[in-house]
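> Just passing along the structure, written as structure tokens.
What follows draws every value from the coordinates through simple rules; no lab data is involved. It should be emphasised that the depicted structure is a prediction, and the values quoted were computed from it without experimental measurement. All Cβ positions, glycine included, derive from the backbone under ideal geometry; neighbour counts span all protein chains shown.
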Amino acid sequence: MPVERRSGKQQLIAISLGVAAVVIAIGIAWGMLALAGGNETATQLRLGDDVFDAGNAVRLSTQINTQGPLLFSDVSGRGQQRPIAVNHFGKDPAIRWVAFDAAAPGAPENCFLVWSAERKVFEERSAASGAEREQGQICRDITFPANGQGLDQYSWRIDKAGSLTIDLRPNDKISTNAGG
């Protein structure tokens, strides 16, 4: 079968185009790696909401008064990375709320805080299945008070419609709480 023969000029053009394509591909790959690298000033991808609307403050305070603090498994939409607890103190639903992380600092994976009505404290417990617990998933024997002292606190407000809203932005965490 005959093979087409190309002139030296055509071969040089084909090789040049191939080399140029490889250089461009390397440049694009290098640029993508630079953008994805550990640059501290790079834009962070943030998924989920920054403000959580917990619901009507009057209804929530009544529920907390009768059933204990509320636990929300993950209010940010980030896949169990930010469970929070909400508690209320007193009779006025417009004041004395606390909202805080429901996972203790340094907690093992799958260990979250749960309310112990008998002891009136939050206890670290495992959300893992029995098999996972048998494989070494052990939560610590630690407790936190009803106001979440010692945990990351979030600022809150009651909006014009009477809803409790909790600000989940990291810069809005507060170091003290209004609970009591």
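> Around Leu168, which amide H atoms from residues at least 5 apart in sequence, or from another chain, sit under 5 Å from its own amide H, with H modelled in the peptide plane?
Val51, Phe52
> While we're on this one: Modelled label-to-label distance, Ala161 and Ile15, 7 Å Cα→beta-carbon offset: nm?
Distance between label points: 7.0 nm.
> Check Ala127: other-chain or 5+ apart residues with amide H under 5 Å from its amide H, H built from backbone geometry?
Amide H neighbours of Ala127, under 5 Å, 5+ apart: Cys111, Phe112.
> Grab the Cα-Cα distance for Glu109 and Ala94, subtract it from 0.36 nm times how many residues apart they are, and report the gain in nm with one decimal.
Going from the current span to full extension adds 1.9 nm.
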